[in-house]
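Chemist: My questions will all concern the structure given below.
The values are calculated or read from the model by the stated rules, or taken from the named source; none is laboratory data. Keep in mind the model is a prediction, meaning the values are calculated, not measured. Neighbour counts are summed over all protein chains in view; Cβ atoms, including those assigned to glycine, are modelled from backbone coordinates with ideal geometry.
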Amino acid sequence: MLDRVAPAWFLPLPAWLCRLAVLALILLLAACGSAPKTGTRGGGYYKDDGPPARPPSNLDRVPDAVPRIEPLASGPNRPYVIFGKRYVPDTSGQPYRARGVASWYGKKFHGNPTSNGERYDMYAMTAAHPTLPIPSYVRVTRVATGKTVVLRVNDRGPFHSNRIIDLSYVAAHKLGILGPGSDEVIVERIMPDEIRRIAAGAPAVPPQQAPAAQPVALREPAQAPAPLPPPAAPRPLPPPPAPASFAAAPVAGAYFLQLGAFGEPGNAQALAGRVNSAFQPGETPAVTVQQVDRWYRVRIGPYPDRAAAESALQMVADRTGVQPALAFGH
């Protein structure tokens, strides 16, 4: 499953990375004159994704997710980069309310790991979001019908500029967007205070009465929140200033520890996420994914000199389970 040229290991890919790899392949095919299945013909899924051959007959009776207070996962709530775009998950506790297009994912990813290590279940009331905390809970309301479902966010995605959330198969069924493949929705995070009120027996806040908070912008910690741009015209994000975050640009004339090189960007991102979650912020230089020709290299660095890089070799190997190699230059 892994395309690798570094030491062999097995690394199961999260569902959101599998979806990203499928999307990359489709974009490549589109450049040659083909196009993915979108819109009302064939649904909004790609290639061999889609509904099951024999869906269960009781999908309408699947209950909504029950919001509860859960500790945040470490790895999927750290900054990450997908194809040069940096995403900063929002763990500030701010409200979130946004309107945009929802899509869904199905059988292609059923049983694959999500970004927090759980298995994607297309028959569970879950969703993928690029920046909401994992786990967290949201109300998703289809604008055309007013139908609302409650979902648990446990995955990352989608990474289309015009979509704000990916729904599980059953959630899309209950909202009535399986056929169209996508539709406009309002996504609102259910905040911890409301979850506590629900647990205490108080009625939930109806969606139309919920606080009309603006979407929380992707930002660095300690910066004031700013409104998100419209999905169709996203503003560029600033480069990562802090260590222990992903970087995209190589540095010439410096020492690195290289942990692997891959032909598939999703595999490189999966390893980078695993390595990044093994260290506390500031404990190591940045974990980077650098593209050179057709290879995607996973590195830690730069280190100030060769001695510093060599002294970190064993510690990195012990923490990650991967024996890195010393690299110099780009």
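Chemist: Any idea which of ARG119, ARG68, ARG78 is out of contact with any Leu (no Cβ under 8 Å at 6 or more places or on another chain) and within 30 Å of GLY179 (Cα to Cα)? Write out each step before concluding.
Modeler: Working: ARG68 fails: within 30 Å of GLY179 (Cα to Cα); ARG78 fails: within 30 Å of GLY179 (Cα to Cα).
When all the criteria are applied, what remains is ARG119.
Chemist: Tell me, please, whether a residue that is in contact (Cβ under 8 Å) with a residue 40 or more places away in the chain, polar (S, T, N, Q) and not in a loop (DSSP other than H, G, I, E, B) can be found in region 163-185. So that I can check it myself, show each step before the final result.
Modeler: To start, the set of residues in region 163-185 that are in contact (Cβ under 8 Å) with a residue 40 or more places away in the chain comprises 163-175, 177-185.
Next, only the ones that are polar (S, T, N, Q) stay: 168, 182.
If we keep only those that are not in a loop (DSSP other than H, G, I, E, B) too, we end up with 168.
Looking for residues that are in contact (Cβ under 8 Å) with a residue 40 or more places away in the chain, polar (S, T, N, Q) and not in a loop (DSSP other than H, G, I, E, B), one finds at least one in region 163-185, hence yes.
Chemist: Out of GLN258, GLN323, report the one residue that is over 26 Å from GLY157 (Cα atoms), at pLDDT 85 or above and in contact with a helix residue (DSSP H, G or I) (Cβ under 9 Å, 6 or more places away or on another chain).
Modeler: Numbers: GLN258 fails: in contact with a helix residue (DSSP H, G or I) (Cβ under 9 Å, 6 or more places away or on another chain).
The conditions single out GLN323.
Chemist: Then there's this: Being under 25 Å from VAL275 (Cβ atoms) and exposed (fewer than 15 other Cβ atoms within 10 Å of the Cβ) narrows it down to one of GLY93, GLY117, GLY146, GLY75, so name that one. If you could, list the steps in order and put the result at the bottom.
Modeler: Numbers: GLY93 fails: under 25 Å from VAL275 (Cβ atoms); GLY146 fails: under 25 Å from VAL275 (Cβ atoms); GLY75 fails: exposed (fewer than 15 other Cβ atoms within 10 Å of the Cβ).
Matching residue, one of GLY93, GLY117, GLY146, GLY75: GLY117.
Chemist: Could you please give the count of residues in region 41-97 that are of a type in the set (Gly, Ala, Ser), part of a loop (DSSP other than H, G, I, E, B) and at pLDDT 80 or above? Steps first, answer last, please.
Modeler: Let us first name the residues in region 41-97 that are of a type in the set (Gly, Ala, Ser), namely 42-44, 50, 53, 57, 65, 73-75, 84, 92-93.
From the residues that got through so far, the ones that are part of a loop (DSSP other than H, G, I, E, B) too are 42-44, 50, 53, 57, 65, 73-74, 84, 92-93.
Keeping just the survivors that are at pLDDT 80 or above gives 57, 65, 73-74, 84, 92-93.
Selection size over region 41-97: 7.
Chemist: Cβ-Cβ distance below 6 Å, separation of 6 or more or different chains: which pairs start in region 93-104 with a residue that is over 15 Å from ALA171 (Cβ atoms) and end on one that is assigned to a strand (DSSP E or B) and not acidic (Asp, Glu)?
Modeler: Close Cβ pairs (under 6 Å, with a partner that is assigned to a strand (DSSP E or B) and not acidic (Asp, Glu)) amount to GLN94/VAL216; TYR96/ARG189; TYR96/VAL216; ALA98/ILE164; ALA98/VAL187; ARG99/ILE186; GLY100/ILE164.
Chemist: Tell me, which residue of region 100-114 that is touching a helix residue (DSSP H, G or I) at 6+ places or on another chain (Cβ under 7 Å) and among the hydrophobic types (A, V, I, L, M, F, W, C) is nearest to SER277 (Cα to Cα)?
Modeler: PHE109
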